[in-house]
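Below you'll find the structure, written out as structure tokens, and then a few comments.
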Amino acid sequence: MKISVLVNEGPYQHQASDSAYLFCAAAIARGHEVQRVFFYHDGVNNATKYTEPPQDDRNIVTRWSKLAEERKVDLVVCVAAGLRRGLKEDVLAPGFRISGLGQLIDAGIKSERLVVFGD
């Protein structure tokens, strides 16, 4: 099954990002294809390379970057939501790219399921 994911919440103030990542990892492990993860609203904060959690905490941004590298998952950050929050191309973690809402529409059209995490 082809799946795309929408993440609307930031990495440490809400469970949505953790749940979305774990969902993607589980879906891939079961043989499904995760085509794209689109980060919107506060979800764009998952993409900044300046996130530095405590050493004993999980690094959500690094998890997403590794998923993109190892499984070729397309990680797209909404340009408008990103700019509102100070995210530009030069602060993105590896594996993330900036694009518009058209990428979300494209993901919804090309996937069999679009799964949303966060409000």
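Scanning region 46-53 turns up no residue that is open to solvent by less than 10 Å² (accessible area, probe 1.4 Å) and touching a Lys or Arg at 6+ places or on another chain (Cβ under 7 Å). Do you know which residues across region 17-40 are open to solvent by 10 Å² or more (accessible area, probe 1.4 Å) and within 10 Å of Leu6 (Cα to Cα)? Scanning region 17-40 gives Arg36, Tyr40.
Out of Ile3, Ile60, Ile98, report the one residue that is buried (at least 17 other Cβ atoms within 10 Å of the Cβ), over 9 Å from the mean Cα position of the chain (by Cα) and farther than 18 Å from Phe117 by Cα. If you could, list the steps in order and put the result at the bottom.
Values: Ile3 fails: farther than 18 Å from Phe117 by Cα; Ile60 fails: farther than 18 Å from Phe117 by Cα.
Just one listed residue meets the conditions, Ile98.
Please identify the pairs in which a residue from region 18-36 that is farther than 15 Å from Val61 by Cβ has its Cβ atom under 7 Å from the Cβ atom of a residue that is at pLDDT 95 or above and acidic (Asp, Glu), counting only partners at least 6 apart or on another chain. Cβ pairs passing all conditions: Gln35/Asp74; Arg36/Asp74. Close contacts from region 97-118, counting a first residue that is of a type in the set (S, T, N, Q) and a second that is assigned to a strand (DSSP E or B), with Cβ to Cβ under 6 Å and a gap of 6+ residues or different chains, come to Ser99/Val76; Gln103/Val76; Ser111/Lys2; Ser111/Ile3; Ser111/Ser4; Ser111/Gln35.
The values are calculated or read from the model by the stated rules, or taken from the named source; none is laboratory data. These numbers come from a predicted model, not from an experiment. Using ideal geometry, Cβ is built from the backbone for each residue, glycine included, and neighbour counts are taken over all protein chains shown. These accessible areas exclude ligands, DNA and RNA; they are computed on the full protein's heavy atoms, side chains included. Shrake-Rupley method; radii C 1.70, N 1.55, O 1.52, S 1.80 Å.
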